[in-house]
Number of protein chains: 2
Amino acid sequence: MATLEDIGVSALINILSAFAFLLAFAILRIQPINDRVYFPKWYISGGRTSPRRSGNFVGKFLNLNCWTYLTFLNWMPQAMKMSETEIINHAGLDSAVFLRIYTLGLKIFGPIAIVALLVIIPVNASGGTLSFLSKELVVSNIDKLSISNVRPKSSRFFIHISMEYLFTFWTCYMLYKEYDRVATMRLNFLASQCRRAEQFTVLVRNVPHVSGRSVSDSADNFFKTNHPDHYLCHQAVYNANKFAKLVQKREMLQNWLDYYQSERHPDKRPTKKKGFLGLWGERVDSIDFYKQQIKELDKRLTTERQRILKDPKSIMSAAFVSFNSRWGAAVCAQTQQSKNPTLWLTNWAPEPRDIYWKNLAISFVSLSIRKLLISLLVFALVFFYMIPIAFVQSLANLEGLERVAPFLRPLTELKFIKSFLQGFLPGLALKIFLYILPIVLMFMSKIEGHVALSVLERRAAAKYYYFMLVNVFLGSIVTGTAFQQLDSFLHQSPTQIPRTIGVSIPMKATFFITYIMVDGWAGIASEILRLKRLVIFHLKNMILVKTERDRDKAMNPGSVDFPETLPRLQLYFLLGIVYAVITPILLPFILVFFAFAYLVYRHQIINLYNQRYESAAAFWPHVHSRIIASLLISQFLLIGPAQHKKGCKFDSFSCCVAHIDVIVPQVLQESL
Amino acid sequence: MATLEDIGVSALINILSAFAFLLAFAILRIQPINDRVYFPKWYISGGRTSPRRSGNFVGKFLNLNCWTYLTFLNWMPQAMKMSETEIINHAGLDSAVFLRIYTLGLKIFGPIAIVALLVIIPVNASGGTLSFLSKELVVSNIDKLSISNVRPKSSRFFIHISMEYLFTFWTCYMLYKEYDRVATMRLNFLASQCRRAEQFTVLVRNVPHVSGRSVSDSADNFFKTNHPDHYLCHQAVYNANKFAKLVQKREMLQNWLDYYQSERHPDKRPTKKKGFLGLWGERVDSIDFYKQQIKELDKRLTTERQRILKDPKSIMSAAFVSFNSRWGAAVCAQTQQSKNPTLWLTNWAPEPRDIYWKNLAISFVSLSIRKLLISLLVFALVFFYMIPIAFVQSLANLEGLERVAPFLRPLTELKFIKSFLQGFLPGLALKIFLYILPIVLMFMSKIEGHVALSVLERRAAAKYYYFMLVNVFLGSIVTGTAFQQLDSFLHQSPTQIPRTIGVSIPMKATFFITYIMVDGWAGIASEILRLKRLVIFHLKNMILVKTERDRDKAMNPGSVDFPETLPRLQLYFLLGIVYAVITPILLPFILVFFAFAYLVYRHQIINLYNQRYESAAAFWPHVHSRIIASLLISQFLLIGPAQHKKGCKFDSFSCCVAHIDVIVPQVLQESL
């Protein structure tokens, strides 16, 4: 159990490391050589073509202007300068609404923190159970400010309950307002966009195969019959994997050609050997060689293209159907097309860059089976992931290493290296697992068969949230792995569960405060530094980059990582809502996280990220309903401390009844 | 524990009582005086205007043709004569599909019964555990044919599991075929109907109030803007309760007028007194009096009508919007109309006679709250209904009666009457409750705010099914009231639940066999007799009936009582599916029920019932999904006997895993 001083020390360390990151960022970002790492958005949007530099040769790589070093925090006011409308135009609605989640956090937890600190902390502090018990137990100062400090049977619990009511109401109200605002923003955004194909287009899947007729023909025929007034045209989906590979190869060849053509010594023609990797074979003129290659490839591309268009087998059972009005497309997307509800499934077409092509042709039955299988797999992953990891851990120890690689024995016998490996090896499997987890979840979502990248990311985010909820939140509160928890819950009476979880919640406040500082504060500061990307960019720049096209590729900043950031955000909302009544001292830490992360992501979105797609804030309902779920969880867990008191003969029935009363309006809110 | 002989006796009693009912029916139905009770459908459809009679005066009331008495069971072949298409034309699709549920029962359980009796009974009978134990325990013969007779750890359980697989697959296949058939029938029925308004009409609810504009105007404006090509006209809904009362009054007056005008003595004009109930006041000529009254009422009706049409307050926020094509109506019914998803809610309009007018104007928020409240209330009713009844029972005993009515004491002191009352009074509250339960459930569904009678009946049926599932099925298997069960489940580990329920299932087979004979066999026979309706009709005929219109009213046979018959049917499916593997001897009893009930309801639908509305078999998905739910329940409960054996060191893990494998395809089927 950490004391207030421990927390203070931890806070200091994390604040210092966060500042170190920020300082490093401030120094690195003003170096012209790093300009493409920290401001790629401006290159992509065409606002900048080359780094700002100060004259001489050294100035090309290093910033020599001392003044800029003094104002190293000036990115913060800069990040705040842009208005929301400008952000929408600059980076899209997804990014703008993503930032609103942070401001929503501030709006919800700001007033709650003030009220909780002013009302609940004095009530808890003057409770005095723990100071009375402290001779026997080791109790932290934090616990003295939490609900554990209130005497059993105390009427003070009614203050906690009424506060929970108040906070729940406030959160619901803010959610309601925010949903309204986001919905309006989305509608305005959709209305203000210039005309684009996807606004008039519907994606039709499960087009039935009629013998003697191509998918394209039957689609044409179907929509001409059923939507005669609005149907415009359609585009069948082709299986062009081979064609795509050829295109990729052509791009590579073109890149080499560009490289040799832009060579700095025009007097000496570059040459290369024809064989593998240019290591042997006849020496030829490079430019002529690549020109010849490209010409040949173009021919193959043309024949392949014609083959695909002619071959009925390469047409998938999906099509993009366009209408002459948005109304017509909306009608087709929202209505059932056929008496068999598993055929002619229509949906709004995603943006072209948002489509995940591989999943377009999955049949309805296959989709249902995939969904079922993946949900079972996710359940297994969430609850049983520790089993294979523990197995690998049991293998990956020092003895195992020595058995596999006996020549390392002299090295591993060294005491320093031995202790390092002993500390490092067992955790390795877990660390690797946690690192590849988002990739695994994304892969699972792809198997589920969603047709848009945006949906895939939302589904992966949902899976990651379940994983965090069970393994980070519950896993930290209850001891043992998720599998052991599941087992104990199955063999326990349901009424026991809130007690089991509830009683240990106040005790874990210090852990979560440390978690927020490490994962939230320092984690966000390292996000702005982007050390990994920085190193990779410079490495690529040294080794791989030959042409401008290569440099643009190396510069690619990626999108906001929704599958990881959204669940993390939702976890912070959960922590804040759960601890608002139980240990309100946690709230300021969350507020700092929200404010700091808001600044950082605002900067990143303005200067860095380049969204791969635009879903017009389609993730909002998920954020909304997860916060509602957090409210429900907090209500459920608050029964815990009350039941604990019941063990101390505290009559918690009124408490529980009061809780049911609170839960009802929330369910309502959600169903609205 | 009943022996095979007990069951035989019980069967004999029930068969005899069923035959008695049938005989009574056969005799009563051929009396001309009862013709309007047993064949009202032919009067309503115009196929008959007066009872078949044999000449003389006595023949007007009694059937004197001896021959017809000898062929008293000939209603059965008569009922089978009509083809399904004729039934659809005669009584509608609802009735035809309702009959298909019974044939579905025969199709599912016929083959299952044969296989189960041939395979499982020998396996069970030769198990021999119980004959070994029978010296110590009182074991019935029925139990010797059930799964309890199989030795623990026996590999014979794999026969039961594979049979459960087989039966599940067979049931799913039959359900799939039947759903397909019913869907086709529904589509054909809808397509073959003549043009009717509701096919082109959409019910719009939650029309927003715009100040300075009537609901009618804004609806007109809205649909002219958003559906310009297909919008035809609309009909606002008026609050005309007062008008309806006046119309009712006018009908009564008209009835009296008709009565006096058709009086058999045209020479003597009838007279009546003007005052209350015609007991005092000025004596006037009746015909003139009523003519005068009707004339006055007509004037009031006209003014009231104009008032309603003018008064904007009497327009409800709902409207029926008609389109010039079915396509236009379908589009409007299936799409979202406004950016606010709680306004302009569109649905297919129900038939005019299907509409439940009172619920048309309920707002969206109110609807959500109502649904939540009612679902809580249903939960309370299902689990806690015994509490108030026990309370009433504690009051409604002999002492209580004597305290309230001391003058009855000499009577209640008589031994015969005392013992009768002591046996009768305590159960009275429960009997009254069970009698009014369907009414209460229908009332709850009305509060939920559904707009069509068909939906109301389906929702009431669902509630009744939950009640039967918990209180009849689970309540019979596990001892104690539903409330006590709920309490024990809450304080028990979830893994314990299938064991608790599962082990007592085989023991209760005899109870359910008796239940099927009493409720199913004798109950259906009493359904065909319609004793209550017969008595009421003759009483009304003697006392109230003055004119032809009164006689038609008294004759009204009502519709098939879906809210009661559907849940009862679903309970029989549940019993059959659960006991198919555990105690297959139960299956023939269910088969007899299905066959007999099929005959009876076929007769009733052809000759008797006059459906109030036509929902085109909209109840089918509910029947389908409840049978799927029964399959899941049977899988879950089969873990029970296996777990019980585990207590006897039977390794049930493979059994449980095998079960999970079975459940998966079912969930799949349902999700399709």
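The table below gives the values:
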item	result
B:C194 - accessible surface, heavy atoms, 1.4 Å probe, Å² rounded to 10	90 Å²
Calculated FRET efficiency for the pair B:D550/B:L301, C-beta based, R₀ 25 Å, to 0.05	0.65
B:N324 versus A:L490: modelled label distance in nm, points set 7 Å from Cα along the beta carbon direction	6.4 nm
Accessible surface of the range B:199-349, 1.4 Å probe, proportion on carbon and sulfur as whole %	52 percent
Cβ-vector label at 7 Å, B:N347, separations to other copies in nm	2.7
For B:N239, distant residues with modelled amide H under 5 Å away	B:I315, B:M316
Between B and A, accessible area buried - total, square angstrom, nearest 100, 1.4 angstrom probe	2300 Å²
23 Å Cα-Cα threshold exceeded, pairs from B:K371/B:K431; A:K339/B:K177; A:K245/A:K313	B:K371/B:K431
Vicinal HN-Hα couplings computed from phi for the range A:470-475 (Karplus, 6.51 cos²θ - 1.76 cosθ + 1.60; Hz; Gly/Pro x)	6, 8, 8, 6, 5, x
Chain-alone versus full-assembly comparison, the range A:488-526, residues with accessible loss of at least 30 Å² (1.4 Å probe)	A:L490, A:H491, A:S493, A:P494, A:T495
Rh (Kirkwood; distinct C-alpha pairs) - the range A:199-349, Å	18.9 Å
Accessible-area value, B:D550, 1.4 Å probe, nucleic acids and ligands omitted, Å²	20 Å²
Amide hydrogen neighbours beyond the local backbone of B:L232, cut-off 5 Å, H modeled	B:S322, B:F323, B:N324
3J(HN,Hα) from dihedral phi, the range B:354-368, Karplus parametrisation 6.51/-1.76/1.60, rounded to Hz, x for glycine, proline	8, 5, 9, 4, 4, 9, 5, 9, 7, 6, 5, 4, 4, 4, 4
Where the range B:199-349 is the region considered: accessible area per residue in Å², 1.4 Å probe	61 Å²
Label point 7 Å beyond Cα along the C-beta direction, distances from B:L377 to other copies (nm, shortest first)	4.7
Anchor A:K295: aspartates and glutamates whose Cα lies under 17 Å away (excluding residues fewer than 8 positions away in-chain)	A:E251, A:D258, A:D285, A:E304
Hz values of 3J(HN,Hα) by residue in the range B:8-23 - Karplus curve (6.51, -1.76, 1.60), Gly and Pro given as x	x, 4, 4, 4, 4, 4, 5, 5, 4, 5, 4, 5, 4, 4, 5, 5
B:R36, A:R370, ranked by accessible area, largest first (probe 1.4 Å)	A:R370, B:R36
For the range B:555-627, convex hull volume per residue from C-alpha positions, Å³	90 Å³
Cα-based shape type of the range A:178-220, given that a ≥ b ≥ c are square roots of the gyration tensor eigenvalues and the cut on a/c is 1.5	oblate
A:L377 versus B:I439: modelled label distance in nm, points set 7 Å from Cα along the beta carbon direction	5.7 nm
With all protein chains modelled, accessible area of A:L637 [1.4 Å, Å²]	0 Å²
Between the range B:448-507 and the range B:284-311, the Cα center-to-center distance that results, in Å	54 Å
For the range A:454-554, accessible area per residue (1.4 Å probe, heavy atoms of protein chains only), Å²	42 Å²
Threshold 30 Å², the range B:309-346 residues less accessible with all protein chains present than alone (1.4 Å probe)	B:W327, B:V331, B:Q334, B:T335, B:K339
Pairs from B:K310/B:K358; B:K249/B:K553; B:K249/B:K272; A:K299/A:K540; A:K446/A:K553; A:K273/A:K532 whose Cα-Cα separation, in the structure shown, is over 28 Å	A:K299/A:K540; A:K273/A:K532
Calculated label separations, A:T49, copies of the chain, 7 Å along the beta-carbon direction, nm	9.9
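The values are calculated or read from the model by the stated rules, or taken from the named source; none is laboratory data. Bear in mind the structure is a predicted one, so any value in this text is a computation, not a measurement. In this analysis, Cβ positions are derived from the backbone assuming ideal geometry, glycine residues included, and neighbour counts consider all displayed protein chains. For the accessible areas, the whole protein counts, side chains as well, though only heavy atoms, and no ligand, DNA or RNA atoms are used. Shrake-Rupley method; radii C 1.70, N 1.55, O 1.52, S 1.80 Å.
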